[in-house]
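For reference, the structure discussed in these notes is given below.
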Amino acid sequence: MNRTNVLAALKEGISDVFPEASDMDISGETHLHEIPGWDSMAAVNLQIYLEDALGVAIPGELLSGQARIEDILEHILGG
């Protein structure tokens, strides 16, 4: 799994869970709370999506609104 593939999966998951964010430019510096419709239930849905799509456990605290996409990428890529 490389960074490009993981970022693509993250973007796909965000578009799937947050349809209103499909036109949003998602980068490593994007904070989760910037995603339209972000709330705790959506965070759980994204967590499940990512775990199914990537086979990596995502801790709930990593999906706080203050976290960045980069934080999730680093966790998934192991560092």
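Nothing in this text is a laboratory measurement; each read-out follows from the coordinates by a stated rule. All figures in this text were calculated on a predicted structure; none of them were measured in a lab. Using ideal geometry, Cβ is built from the backbone for each residue, glycine included, and neighbour counts are taken over all protein chains shown.
Of all the residues that make up the range 9-32, how many are free of Cβ contacts under 8 Å to residues at least 40 places away in the same chain, surrounded by 13 or more Cβ atoms within 10 Å (Cβ to Cβ) and either in contact with a strand residue (DSSP E or B) (Cβ under 8 Å, 6 or more places away or on another chain) or assigned to a helix (DSSP H, G or I) (or both)?
9
If I go through the range 33-60 residue by residue, how many of them are outside any helix (DSSP H, G or I), over 15 Å from Ser15 (Cβ atoms) and touching a residue at least 24 places away in the same chain (Cβ under 8 Å)? Full working, then the answer.
Looking only at the range 33-60, we keep the residues that are outside any helix (DSSP H, G or I), and these are 35-39, 55-59.
Filter once more, keeping what is over 15 Å from Ser15 (Cβ atoms): 39, 55-59.
Now restrict to residues that are touching a residue at least 24 places away in the same chain (Cβ under 8 Å): none.
Selection size over the range 33-60: 0.
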